[in-house]
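The values are calculated or read from the model by the stated rules, or taken from the named source; none is laboratory data. Computed from a prediction, not measured in an experiment: that's the story for all the values here. For neighbour counting, all protein chains shown are included, and Cβ atoms are generated from backbone atoms with ideal geometry for every residue, glycine included. For accessibility, only protein heavy atoms count, side chains too; no ligands or nucleic acids. Shrake-Rupley method; radii C 1.70, N 1.55, O 1.52, S 1.80 Å.
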Amino acid sequence: PICGVLVVFGLWWLYFSRGAADVLGRAQRDGTHVEYLFGFGHYVIFAAAAAVGAGLAARAEFVAEPGDGHLDLVTSAAVTVPVAVLLLAMWAVHLRLHDPSWRTALPFFAAAALVLAGTPLPFSELLAGAVLAVLVVVETRLPAAEAPAPRG
């Protein structure tokens, strides 16, 4: 249960680490129509978040009553794959609008890769939670680059 809480709180903190009002207001003034990507991109974010919840429930059930050995990998993937998808979608839809530089992209891509690489491990949810905790620290402590002003 602790690992699941770490995963959920890490994702929550990453999503709400930056507000959207400023970048959406700037995009609307500049006429870039980013609000459509932001709005419709949240379908992916919400679906991945729901899948994380379902994966954590399946993983908790497996840990409480271990059954077949192949279910270990399946329940592990049910957590790690949606976490990785959510991280990438969160960056593409929300955080990229604040800081499109590699300073933000690289940690998110690396975190997604580490979470996926931990899928075959018996403690994949703990690794995912630890990776998210490190990513929270990186995102909240390192200064973000300003989004470039539009040309024209």
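The table that follows gives values for the structure above.
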{"quantity": "Options GLY25, GLY53, GLY19, GLY41: the member that is among the small types (Gly, Ala, Ser) and touching a helix residue (DSSP H, G or I) at 6+ places or on another chain (Cβ under 6 Å)", "calculated": "GLY41"}
{"quantity": "Residue count, the range 45-85 (criterion: open to solvent by 70 Å² or more (accessible area, probe 1.4 Å), more than 15 Å from ALA128 (Cα to Cα) and either under 13 Å from the mean Cα position of the chain (by Cα) or touching a residue at least 24 places away in the same chain (Cβ under 8 Å) (or both))", "calculated": "1"}
{"quantity": "Helices (runs of 4 or more DSSP H) wholly inside the range 1-96 containing at least 2 residues that are closer than 17 Å to LEU127 by Cα and either of a type in the set (A, V, I, L, M, F, W, C) or out of contact with any strand residue (DSSP E or B) (no Cβ under 8 Å at 6 or more places or on another chain) (or both)", "calculated": "2-15, 34-64, 70-90"}
{"quantity": "Members of the range 99-132 that are crowded, with 19+ Cβ neighbours inside 10 Å, within 25 Å of PHE40 (Cβ to Cβ) and in contact with a Lys or Arg (Cβ under 8 Å, 6 or more places away or on another chain)", "calculated": "THR104"}
{"quantity": "Residue satisfying all of: in the range 101-130; part of a loop (DSSP other than H, G, I, E, B) and closer than 21 Å to ASP72 by Cβ; modelled with the lowest pLDDT among these", "calculated": "PRO122"}
